[in-house]
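Encoded as structure tokens, the structure appears first; notes follow it.
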Amino acid sequence: MSSSNSFLFFFIIMPLFIFSQEITPFVTYDFHKDPIYKIKMLDLKKLEKKSSSIKTFISIADLSYYYKDWEVAISYYEKIIVENPSAENYFKLAVAAARKSLEVSRVFSISYILKAKKSVLNAHRLAPKNPRYLKLLIKLFAEIPDILGGNKEFAQKKAEELLIIDPIQGLISKGYLNDIDKYSSAAKSKYELAFYLLEKNYESLDTFFEENDRDLIFEIGNIVANHQISSDLGISALKFYANSYDFMDNYPLATVYYLLSRIYFFKQDLNICSDYLDKALKINPKLKTALVFQKKYKL
């Protein structure tokens, strides 16, 4: 087997956690069928033909990013950073590339993964204390294969930096790194300490949720469901996420309801558990994790 074929074989069989839609499903959107998006994009493309200004590029990039048209977003953020290489533009390019990598086969995802890694490094270089950039950098370097530039030691180092900047998110990131290495008890300890700090430092959980990004709120609920800790916090997080659910959210509402059903199951409140499970399957009757859960516990 040639070296290039060996590389492809190795990459195809590698179990990528962050790029597994079964474990961390992201919302996808069929923007091709959205008439509003088509009209808005057509108007912007006409404007671009008249004047290829960076202002028009930004409008196209942001619109495509909003509607999850990642390929267009990538192409225009790449144009934008030539003139305006800001941390936020690099970050959006990294997100778009990482998300696009989930929508193609593993072989074709390689270029997007490399682009995401390079872009988030640039975002972090320009704004080294931004928690959003650090979190994406940590996940990418922890989860992509070493052969593509992954580096768990580097991810650990950046998690330590995040811990100093934001102790709650730093502990969650360190717990996450323990989780992907299958050190469940160590991860649980980190999460418990993070949740203790959260509840100690915030009189109102809603205040914390309103001040932080939506992905973190979902992540808290997901952690609670997986580790069976801090049930009330997990319920509050997921209900806040569900009640304020928006088109721009990254995680499916069906998954949110499924996680709520799991938390209520472990609280032994089977009636509410069943209600949320029904809500999840009503939205997505093919949600595999929910169907397996339903069958396993005969709900």
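The values are calculated or read from the model by the stated rules, or taken from the named source; none is laboratory data. All values reported here derive from a predicted model rather than from experimental measurement. Backbone-built Cβ (ideal geometry, glycine too); neighbour counts: all protein chains shown.
Take region 168-186 and flag every residue that is in a helix (DSSP H, G or I) and over 20 Å from the mean Cα position of the chain (by Cα).
Within region 168-186, 184, 185, 186 meet the criteria.
Which residues, counting only those in region 176-235, are among the acidic types (Asp, Glu) and within 21 Å of residue 264 (Cα to Cα)? Talk me through it step by step, then tell me what you get.
The first filter runs over region 176-235 and keeps only residues among the acidic types (Asp, Glu), leaving 179, 181, 192, 199, 203, 206, 210-211, 213, 215, 219, 232.
Hits for region 176-235 are 192, 199, 206, 219, 232.
From 240, 195, 209, grab the single residue that is within 22 Å of residue 159 (Cα to Cα), of a type in the set (Phe, Trp, Tyr), buried (at least 16 other Cβ atoms within 10 Å of the Cβ) and within 19 Å of the chain's Cα centre (by Cα).
Criteria check complete, one pass: 209.
Would it be correct to say that residue 68 is in contact with a helix residue (DSSP H, G or I) (Cβ under 7 Å, 6 or more places away or on another chain), in a loop (DSSP other than H, G, I, E, B) and surrounded by 15 or more Cβ atoms within 10 Å (Cβ to Cβ)? Don't jump to the end; show me each part of the working.
Working: in contact with a helix residue (DSSP H, G or I) (Cβ under 7 Å, 6 or more places away or on another chain): yes; in a loop (DSSP other than H, G, I, E, B): yes; surrounded by 15 or more Cβ atoms within 10 Å (Cβ to Cβ): yes.
Answer is yes for this residue.
Show the residue pairs that are 6+ apart or on different chains and have beta-carbon atoms under 9 Å apart, the first residue being within region 154-166 and more than 17 Å from residue 197 (Cβ to Cβ), the second being assigned to a helix (DSSP H, G or I) and of a type in the set (Gly, Ala, Ser).
Short answer, once both residue conditions are applied: 154/142; 155/142; 155/173; 156/142; 158/173; 161/170.
For residue 151, only one of the following conditions fails: (1) among the polar types (S, T, N, Q); (2) in contact (Cβ under 8 Å) with a residue 40 or more places away in the chain; (3) surrounded by fewer than 20 Cβ atoms within 10 Å (Cβ to Cβ). What is its number?
(2)
Any residue in region 250-260 that is over 19 Å from the mean Cα position of the chain (by Cα) and at pLDDT 95 or above?
Within region 250-260, none of the residues are over 19 Å from the mean Cα position of the chain (by Cα) and at pLDDT 95 or above.
So residue 56 fits all but one of (1) within 26 Å of the chain's Cα centre (by Cα); (2) modelled with pLDDT of 95 or more; (3) outside any loop (DSSP other than H, G, I, E, B); what number is the exception?
Only one criterion in (1) within 26 Å of the chain's Cα centre (by Cα); (2) modelled with pLDDT of 95 or more; (3) outside any loop (DSSP other than H, G, I, E, B) is unmet by residue 56, namely (1).
Can you name every residue in region 262-275 that is in a helix (DSSP H, G or I) and under 16 Å from residue 224 (Cα atoms)? Full working, then the answer.
The first filter runs over region 262-275 and keeps only residues in a helix (DSSP H, G or I), leaving 262-266, 270-275.
Residues satisfying the conditions are 262, 263, 264, 265, 266, 273.
Can you name the residue in region 97-111 that is assigned to a helix (DSSP H, G or I) and among the polar types (S, T, N, Q) and, of all such residues, is surrounded by the fewest Cβ atoms within 10 Å (Cβ to Cβ)?
111
Would you be able to tell me the number of residues in region 125-166 that are charged (D, E, K, R), at pLDDT below 95 and under 19 Å from the mean Cα position of the chain (by Cα)?
Number satisfying all stated conditions: 1.
Does region 277-296 hold any residues that are surrounded by 14 or more Cβ atoms within 10 Å (Cβ to Cβ) and farther than 14 Å from residue 252 by Cβ, and which are they?
277, 278, 291, 293, 294
Each row is one residue, and each column tells you yes or no for (1) farther than 22 Å from residue 170 by Cβ; (2) among the aromatic types (Phe, Trp, Tyr); (3) touching a Leu at 6+ places or on another chain (Cβ under 6 Å); (4) part of a helix (DSSP H, G or I).
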position	(1), (2), (3), (4)
188	no, no, no, yes
197	no, no, no, yes
217	no, no, no, yes
233	no, no, no, yes
237	no, no, no, yes
245	yes, yes, yes, no
260	yes, no, yes, yes
278	yes, no, no, yes
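Any residue at all in region 112-127 that's in a helix (DSSP H, G or I), in contact with a Ser or Thr (Cβ under 6 Å, 6 or more places away or on another chain) and under 18 Å from residue 147 (Cβ atoms)?
Yes, there is a match, as at least one residue in region 112-127 is in a helix (DSSP H, G or I), in contact with a Ser or Thr (Cβ under 6 Å, 6 or more places away or on another chain) and under 18 Å from residue 147 (Cβ atoms).
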